[in-house]
Each structure stands twice: as C-alpha cells, then as structure tokens.
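Mind having a look at this structure? Questions to follow.
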Amino acid sequence: MNDISTSQLIFEPRCLSTTIGSLPHTDVTRGTDLMFESTPEIPCWVQFPKRTFHENMMVQFTEGMPGLVEDGDRIFLNTEAPDFTEQLTEFFTRYLAVTEHGDAAALDHFAISSRYAAGFSVFIDRLQEQIVPPVALKGQITGPLTLGINIVDQNGRCAYYDNQLHDMIVKTSAMKAMWQIDQFGRFGKQTIILIDEPSLINFGTPMFITVSRDDIIRDVNEVADVIHTQGGLAGVHCEANTDWSLLMETDVDILVFDAYDHMRAITLYPAQLRSFLERGGSLGWGIVPTLDREAAATETFDSLMVRFDDGVGKLVHNGFDRELLLRRALITPSCGAGGVLTEPLAERVLSLLRQISTTLRTRKGFGGT
C-alpha cells in the first residue's frame, strides 16, 4: 500500500474507502457497526451530530478551550472572565509541555470526551475486536479557519481575527489531532487525520477580505506538521468550488474533494495538482452524494461508476497518468452524512461506497494492500 521514496512515505490507498465522519444516527453502536461494515480497511470514528449539541462540528473540538461558555445551544469565548488570562496561560503551558517535552499528562487535557464524541471510545473498543486488522485508522478535526470564523467572543466578534484567540484555536486543532493519534498508537497502524474546512469555500469573497492565502497555508501547515511529527498523514476535506491550488501548496498528504458535484474544481489547477501528486499526494474522491437527498436516493452503483470513470478521464485528458491516479485514489462520500440525510439514505450511501471501492479494486487488481 505504501511505497518508500527517498524523502517520504507515499500513501497509496488504491481505491480503498473511508468516510468523512458523520452519520445521522443517534444509536452510537449501530452507527459504528455500519461504519466498520462499509469501510473495514480504513475505519473512522463516527460523529453523531443529531445525538447531541456537543457533537456539532463547530462544538465538538472546542472542549477545554480557555474562556469557553455554553449558552443554551450556542457557545462563545468569554475573554472578559476574571480567570481568562489564567486559563489561557495554563493552555499554552500545557501545549508547550506536550510539544517540547512529550508530557502525556498534559496531552490528556486536550482529550475528546464521550460527552463530545460518544463514538470515539466505542470505535476504540471495536478496533480490538476486529478479526481482520485495518490497513489504516482515520480520525478528524474541524479545521482552524472554520472554527475561528464560527466561534465568537462575548461581543460577537470572530475569534479568527483576534491574534491571541486565533493562535489558541490553531493549537487546539493540532492538539485534538495529536491526542487522537496517541489513542490510535496502541494498534500500530497508519493514522490519517482529516482536517475539515468547509468555510474555505468562502475564501476570496468579501466575507474573507482580510484573510490571506498565506494565513490559511500557515494555519493548515501548523496542524499538519503536528500530525506528521506523530507519524500520521494529514488530509483536508473541503466542499464545492474551493480554491484547491491553495491547499495543493500546503504540506497535507490527502485532498478530499466533491467529485460528484464539483469534479471540475479539481481540474482547474493542473500545474499545482501535478506538483502535489509528484510529492506523494493522494486524492479523496467524494463520489457518493450526501448533500442532496434526491441524489442520495436515486444515484446507482452504475451511474456513480460512470461519473467516477468520467472524472478520471478528464484528468487523464489533461496529461495525468491513469494508473497513478487510481493508486492514489481514496473513495469517500462527497461530505459527511450527518447533515441532510435520513438514516436509511445514509446507509444507502455507505452501501454504495463499499460497492464502488470493492469493484474498483477488483477491476485494477488491487487485492493486496
């Protein structure tokens, strides 16, 4: 599955599948079972946003942030709290203890508890029961841009634009990723952490007029670098017509894009994509639709295979090697399934995902890992 180059470990998933993370289910055991059934080679702990407010992607990775306040179904950072400075100092002290001294106790302060991610501990328990061991284990975090834009202070100002809060959010994302890799470490498998950045679709619009390309690359790289220091692979998942050239310039290993609705977006930057693949990058093909109930209900295995083959064909037409594209292909849903889909539709998506991955691997002779 992996080829060793002189400079790095190259990840070649060879059309194995994994999920983005979320399901609409509220039964944690049921949802976890479904995930293992559909993506046993690269299983992923499941997010259950409909189970509780704390599993909303804008909340799930905020646990332990200095100044965090819950107010009904919303959160904010109260920088005017009497002990905010003390909390912030403790936060950065622990961060340095982890990154500079490998302090395991300090890392535990960045844990994701069952209150915020009921599926994580169930996932860990189930991993110990697998007869056929997985090839890799996948986790996820909400990225620093998306968190920073959506979390506000007590006055309603985006945390992203406050230098101190911005730095804290980036480092929180990095530590949540590092904690997951640490938990996965006992299984001795390759780890993938996907950085979910849906807010990147607004980059370049008036909404983000003061956010620079360098800002985003720096933040993503800070998180990716922590993942890499722990031996993990870093991926980014975005939606729609994201400026993929920006992400191709980062240090991430995997780009997961919407190959169902927005295949053209990935073809607009051939030079950058070529450089990304040449340095060992892989593409996550989000070919099974999850953002449209009708599409999730009516698309078939055959129709999605045609769409996937057409997408590969477009890149081949632009001069990319078909064999390389398929070796570096990870098959995923177009987005998380925990948003608009019903439970039956999400289960249909998982079934299609499994069929497509299995068929592509059989067709290409990718039986071994």
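I'd like to check something: does segment 84-98 contain any residue that is more than 15 Å from residue 171 (Cα to Cα) and part of a loop (DSSP other than H, G, I, E, B)?
Let us first name the residues in segment 84-98 that are more than 15 Å from residue 171 (Cα to Cα), namely 84-86.
Still in the list and also part of a loop (DSSP other than H, G, I, E, B): none.
No, the conditions are met nowhere in segment 84-98.
Ok, one more. With respect to the numbered conditions (1) of a type outside the set (Lys, Arg); (2) over 22 Å from residue 12 (Cα atoms); (3) crowded, with 20+ Cβ neighbours inside 10 Å; (4) in contact with a Gly (Cβ under 9 Å, 6 or more places away or on another chain), which one is the sole condition not fulfilled by residue 252?
(2)
May I ask you to verify whether residue 319 is part of a loop (DSSP other than H, G, I, E, B) and at pLDDT 95 or above? Break it down stepwise before answering.
Details: part of a loop (DSSP other than H, G, I, E, B): yes; at pLDDT 95 or above: yes.
Yes: the conditions hold for residue 319.
Something else about it: Quick one: in segment 198-224, of everything that is more than 15 Å from the chain's Cα centre (by Cα) and among the hydroxyl-bearing types (Ser, Thr, Tyr), which residue is farthest from residue 166 (Cα to Cα)?
The qualifying residue farthest from residue 166 (Cα to Cα) is 205.
Being in contact (Cβ under 8 Å) with a residue 40 or more places away in the chain, part of a loop (DSSP other than H, G, I, E, B) and surrounded by 13 or more Cβ atoms within 10 Å (Cβ to Cβ) is the filter here; which residues of segment 195-230 pass it?
197, 203, 211, 230
Follow-up. Which of the residues belonging to segment 311-322 are at negative phi and in contact (Cβ under 8 Å) with a residue 12 or more places away in the chain? It would help to see each step written out before you state the result.
The first filter runs over segment 311-322 and keeps only residues at negative phi, leaving 311-318, 320-322.
Answer for segment 311-322, where residues must be at negative phi and in contact (Cβ under 8 Å) with a residue 12 or more places away in the chain: 311, 312, 314, 315, 318, 320.
Give segment 324-368 a look and list any residue that's touching a strand residue (DSSP E or B) at 6+ places or on another chain (Cβ under 9 Å) and among the polar types (S, T, N, Q), or say none.
332, 334, 357, 358
Matching residues to (1) of a type outside the set (A, V, I, L, M); (2) in contact (Cβ under 8 Å) with a residue 24 or more places away in the chain; (3) within 17 Å of residue 133 (Cα to Cα); (4) crowded, with 18+ Cβ neighbours inside 10 Å:
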{"site": "34", "(1), (2), (3), (4)": "no, yes, yes, yes"}
{"site": "42", "(1), (2), (3), (4)": "no, yes, yes, yes"}
{"site": "66", "(1), (2), (3), (4)": "yes, yes, no, yes"}
{"site": "74", "(1), (2), (3), (4)": "yes, no, no, no"}
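Looking at (1) in contact with a helix residue (DSSP H, G or I) (Cβ under 7 Å, 6 or more places away or on another chain); (2) in contact (Cβ under 8 Å) with a residue 12 or more places away in the chain, which is the one condition that is false for residue 262?
Of the numbered conditions (1) in contact with a helix residue (DSSP H, G or I) (Cβ under 7 Å, 6 or more places away or on another chain); (2) in contact (Cβ under 8 Å) with a residue 12 or more places away in the chain, the odd one out for residue 262 is (1).
Continuing with the same structure: Can you find a residue that is modelled with pLDDT of 95 or more, touching a strand residue (DSSP E or B) at 6+ places or on another chain (Cβ under 9 Å) and under 21 Å from residue 276 (Cβ atoms) anywhere in segment 146-162?
Checked against the condition, which is being modelled with pLDDT of 95 or more, touching a strand residue (DSSP E or B) at 6+ places or on another chain (Cβ under 9 Å) and under 21 Å from residue 276 (Cβ atoms), segment 146-162 yields no hits at all.
Something else about it: Considering only segment 265-298, state which residues are in contact (Cβ under 8 Å) with a residue 12 or more places away in the chain, surrounded by fewer than 19 Cβ atoms within 10 Å (Cβ to Cβ) and of a type outside the set (A, V, I, L, M, F, W, C).
If the condition is that a residue be in contact (Cβ under 8 Å) with a residue 12 or more places away in the chain, surrounded by fewer than 19 Cβ atoms within 10 Å (Cβ to Cβ) and of a type outside the set (A, V, I, L, M, F, W, C), then 267, 269, 270, 272, 274, 275, 279, 280, 292, 293 are the ones that fit.
Report, by residue number, each residue of segment 17-46 that is hydrophobic (A, V, I, L, M, F, W, C), part of a loop (DSSP other than H, G, I, E, B) and farther than 18 Å from residue 181 by Cα. Don't jump to the end; show me each part of the working.
Within segment 17-46, the first condition is being hydrophobic (A, V, I, L, M, F, W, C), and the residues that meet it are 20, 23, 28, 34-36, 42, 44-46.
Restricting the remaining residues to those that are part of a loop (DSSP other than H, G, I, E, B) gives 20, 23, 42, 45-46.
Within segment 17-46, 23 is the sole residue that qualifies.
So if I check each of 49, 66, which one is at pLDDT 95 or above, part of a loop (DSSP other than H, G, I, E, B) and within 17 Å of the chain's Cα centre (by Cα)?
Working: 66 fails: within 17 Å of the chain's Cα centre (by Cα).
When all the criteria are applied, what remains is 49.
Identify, please: which residue in segment 325-355 is of a type in the set (Val, Ile, Thr) and buried (at least 21 other Cβ atoms within 10 Å of the Cβ) and is, among those, nearest to the chain's Cα centre (by Cα)? Even if it seems obvious, please write down each step before you answer.
Of segment 325-355, the ones of a type in the set (Val, Ile, Thr) are 331-332, 340, 342, 349.
If we keep only those that are buried (at least 21 other Cβ atoms within 10 Å of the Cβ) as well, we get 331-332, 349.
Values: 331: 13, 332: 11, 349: 18 Å.
Ranking the qualifying residues of segment 325-355, first place goes to 332.
Within segment 170-192, track down each residue that is buried (at least 24 other Cβ atoms within 10 Å of the Cβ) and among the aromatic types (Phe, Trp, Tyr).
Once the filter is applied, which keeps residues that are buried (at least 24 other Cβ atoms within 10 Å of the Cβ) and among the aromatic types (Phe, Trp, Tyr), segment 170-192 yields only 184.
Sticking with this one: Given the conditions (1) of a type outside the set (Phe, Trp, Tyr); (2) more than 28 Å from residue 149 (Cβ to Cβ); (3) surrounded by fewer than 17 Cβ atoms within 10 Å (Cβ to Cβ), report the number of the one that residue 83 does not fulfil.
Of the numbered conditions (1) of a type outside the set (Phe, Trp, Tyr); (2) more than 28 Å from residue 149 (Cβ to Cβ); (3) surrounded by fewer than 17 Cβ atoms within 10 Å (Cβ to Cβ), the odd one out for residue 83 is (2).
Within segment 322-369, work out how many residues are hydroxyl-bearing (Ser, Thr, Tyr), out of contact with any Asp or Glu (no Cβ under 9 Å at 6 or more places or on another chain), closer than 19 Å to residue 135 by Cβ and not in a helix (DSSP H, G or I).
Result for segment 322-369: 1.
For segment 253-289, give me each residue that is in contact with a Leu (Cβ under 6 Å, 6 or more places away or on another chain) and closer than 18 Å to residue 347 by Cβ.
Hits for segment 253-289 are 287, 288.
Can you tell me which residue is farthest from residue 138 (Cα to Cα) among those in segment 89-103 that are touching a residue at least 24 places away in the same chain (Cβ under 8 Å) and surrounded by fewer than 18 Cβ atoms within 10 Å (Cβ to Cβ)?
Looking at the filtered set, the residue picked out is 90.
The values are calculated or read from the model by the stated rules, or taken from the named source; none is laboratory data. Bear in mind that the values here come from a model prediction, so they are computed numbers and not experimental data. For neighbour counting, all protein chains shown are included, and Cβ atoms are generated from backbone atoms with ideal geometry for every residue, glycine included.
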